[in-house]
1. Whole number please: convex hull volume per residue of the Cα set in region B:98-300, in Å³?
2. Any idea what the A:S292 label distances to the other copies are, label 7 Å down the Cα→Cβ vector, nm, shortest first?
3. Taking the Cα-to-Cβ direction at A:R11 and at C:A63 and moving 7 Å from each Cα, how far apart do the two end points lie in nm?
4. Can you pull the one-decimal nm distance between simple spin-label points at B:A101 and A:T25, each 7 Å off the Cα toward Cβ?
5. For A:K287, which lysines qualify as cross-link partners when the Cα separation must be under 30 Å and same-chain residues fewer than eight apart are set aside?
6. Starting from a label point 7 Å past Cα on the Cβ side, list the distances from B:Q320 to the same position in the other copies, nm, shortest first.
7. Hydropathy first: keep DSSP H helices in chain C averaging at least 1.6 on Kyte-Doolittle, then drop any whose Cα extent along the axis falls short of 18 Å, and list what survives.
8. Starting from the alpha-carbon convex hull of chain B, give the projected area averaged over all orientations, in nm².
Amino acid sequence: MAATLAELARRFGGRLRGVGDVEITGVAPLERAQSHEISYVNDPKHRRLLGACRAGAVVLTEADAAEYGGNALIVEQPQLHFARIAGFLHPSPTPRPGIHASAVVDSAARVSATASIGPHAVVQAGAVIGEGTEIGAGSYVGREAAIGAGTRLTGRVWVGERCVIGKNCLLHPGAVIGGDGFGYAKDGERWVKIPQLGRVIIGDDVEIGANTTIDRGTFNDTQIADGVKLDNLVHIGHNVRIGEHTAMAACVGVSGSVTIGRRCMFAGQVGIVDHIDIADDVVVLGKSMVASSIGQAGAYSSGIPAERAEHWRRQVVRLQQLDELARRVKQLEKEIAKLNEERS
Amino acid sequence: MAATLAELARRFGGRLRGVGDVEITGVAPLERAQSHEISYVNDPKHRRLLGACRAGAVVLTEADAAEYGGNALIVEQPQLHFARIAGFLHPSPTPRPGIHASAVVDSAARVSATASIGPHAVVQAGAVIGEGTEIGAGSYVGREAAIGAGTRLTGRVWVGERCVIGKNCLLHPGAVIGGDGFGYAKDGERWVKIPQLGRVIIGDDVEIGANTTIDRGTFNDTQIADGVKLDNLVHIGHNVRIGEHTAMAACVGVSGSVTIGRRCMFAGQVGIVDHIDIADDVVVLGKSMVASSIGQAGAYSSGIPAERAEHWRRQVVRLQQLDELARRVKQLEKEIAKLNEERS
Amino acid sequence: MAATLAELARRFGGRLRGVGDVEITGVAPLERAQSHEISYVNDPKHRRLLGACRAGAVVLTEADAAEYGGNALIVEQPQLHFARIAGFLHPSPTPRPGIHASAVVDSAARVSATASIGPHAVVQAGAVIGEGTEIGAGSYVGREAAIGAGTRLTGRVWVGERCVIGKNCLLHPGAVIGGDGFGYAKDGERWVKIPQLGRVIIGDDVEIGANTTIDRGTFNDTQIADGVKLDNLVHIGHNVRIGEHTAMAACVGVSGSVTIGRRCMFAGQVGIVDHIDIADDVVVLGKSMVASSIGQAGAYSSGIPAERAEHWRRQVVRLQQLDELARRVKQLEKEIAKLNEERS
């Protein structure tokens, strides 16, 4: 895709400064951008790169524009603006509509004529594949599952029976939607499986990372609302509900029956115990363990930064004696109080 | 599947109270169950739902039955009873026996006539597929591997050469059984691979979650005993041995050459260092790191619950000075002792 | 593969002691090795097994050889030596060259005549597959991606468009190379995707574990240097660069834009925050969180070993009051100082 800078300004807004008819064919980082590419400044650290910048245009704030002589698109949120321009200039390749000869599509599946079913994909009976939807190479759509319009299963994505995925979603390779939840009853030392009869329901504009797994509910459904973004290797247990626009970084694990609000953010490797509720606008920092419900917005943490191992080892020994140390301090306080009393 | 309440009582035990010939066609949660569905009460919190319950029957304890007027199946362990009934009423769909036209099955593989080999599955030479076994869409069974009777590889499961999986197991999509263990010798700065020549041997009634990985042993075999249940995204290193009926929640990582006893339970994101032994009946709580052998049954932990980030940050600073704090307390104790001595 | 002990000594070095023409057909652990197998002693704990050892030969140090009467290959680094011999005696099976009938290979892909393309593999237009390269069953190589000579994609490996993998690499099942990085700009409560336009570039002799994911860069490339070894279920974020011969155990998560030096080692479940630099020869112990740049070689840690849960619970309570405890100690110090002052 290509467009003049003036066209980009018209389409996405922002104040154009400089030559409007320079043709822009792509995006690039400041230090590498050429005369037909557009770049942006978001981080004050990158301002120093403006001096040597050879980009066809730069998206930046009013303040940063003052320090730059080249073609500029002046906006309030350069990263957001730039993301939109980049998406426009570099659209995802549209797969050719049609069903690949090697795909196995049940005659009782309903596949839109504009959908693309890739090599070795499988679509089972009763499944519904929407308009412009891509079922990439090796992907699997189970019985009576539904994949919304414009959604892309990039490749080797697995969607179990009766699960529902909304519109304009993007699922990366290896994602597994609708495996069984981990539910058993105890019979002496044995585990007896509780059938997992619910579904996974995913809203619109959801992105799901590579090898991420979302389990189906036990009786009710596991629900992922519109706009949720999950990174790679995330685990979502059965009966979990995640609110709109919540984002989770890689390797987060969410146990069963957790309800999470809107606009939350979870950093990498966070773990969340089962059967708790997390309010809207909660941010949980890296590697923390959420062990009870969180009723209020704000940032939460229990991660410990690594330090020199030999130093840390000493702290660990003390940590394991901490209760005793606290008692000793209490004892000291009593003795001092006594001494002070005697003195007065 | 459908059955009268009386038939369910006969088949699974429990004391029937009310109308025995009500036909039950499925299970549902208390708040949603209709007149042809059966539900259960396990958690005291759910008792309050009994008032408005419209289920055809409810499985519950004697005590809870006293508060309920409808049809009841009175038992000692409602969840266990219910799990069995649910499994009976909602059996896994039995795949049609036979080999899908798109599957690639080596002529030197032995596949039971009652087995089902799905679309795009691959079964290599010398592999043995048991009676009623399902090799789901896109699954792979390597040379001379054996998959027991009644076992289901739901879809896209990978089983490496010579690995053995027992009877009535359930493997979820993306599980990888028998990838190489992570073993190298050092040659200066380079790593030289130690060939991983062992197998993975899995017993009967084992369930393995989506995208879980179990590495083959180096010379000996990695062994997963009967009844083990592993959730999603679990990693089991080479030469590990796991005892009967042990369960691991999602994202647990077990390093190489660990031996784990029977009936253990590991909560989510637990990590276990290599070359240690863990006794029977050990429970490890969420996000803990097992850093040395555990010789005694019981609960173990090292996880820290998240709290307000600004509060936690202060604790972290103090934690990194904990050894020094302990020394200061010791010094105070000395000084107080001196003061007390002088006083007396 | 088989060889006499003398041939092994000639080929791999070491001082032969005993019968040189004993034929060795494989490797085995000390306690199981038979007269045609070779074993080794690396760990002092294993010396005691030498007495009953029936191996055709044992690789060991001069010191250990003194305690053993059988055929010996005396070397300085027995494990390294043994790894080489094991690799020679048990080579990976060479797949038959050629393209399986069920594979889908675009006519615009360049596939070496000596490469092997397995069942249900997909190779897209413009992709280049090197000499002796194996694209295992169900693997996917995207448009214009390149896979070097002698590299093995064991099975169901996914390599996205334009990604480059070097020579003699080994990728285990389920690995995803070149999924999108996790990058968004905020637009009010919504996330706007930043297109991920970079590639993943992997060097030679790299091993990548089962279900590990490596994201493509945003504008620049994610880079994995020669000799890097990644275990299973590792996540590598976009724009990460990892130096030569660095190794990561299972379940490590590396956030975006991290630069890691050479010869580093990361134990299981380590997490690394984004946008930091880690020097050469850094070792990070299990479950630690690297929260800031590490400029110096050495060992780092923040993991806490699990202990009895009831004991640990008390420490956690104290940990959450640690800042207050430190203040109390400071107060005590003041009071003692005052008492001491008065006394003198």
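1. 100
2. Distances between equivalent label points, in nm: 3.1, 3.1.
3. 7.0
4. 4.6
5. Output for A:K287: A:K45, A:K229, B:K229, B:K287, C:K186, C:K193, C:K229, C:K287.
6. So the distances to the same position in the other copies read 2.3, 2.3 nm.
7. On the way: long enough: C:322-343 (31 Å, -1.17).
Counting only whole DSSP H runs, no helix qualifies.
8. Mean projected area of the Cα convex hull: 28.7 nm².
Quick note: the coordinates plus some simple rules give every number you see, no bench work behind them. Everything numeric here is computed off the predicted structure, so don't read it as measured data. All Cβ positions, even for glycine, are placed from backbone atoms using ideal geometry, and neighbour counts span all protein chains on display.
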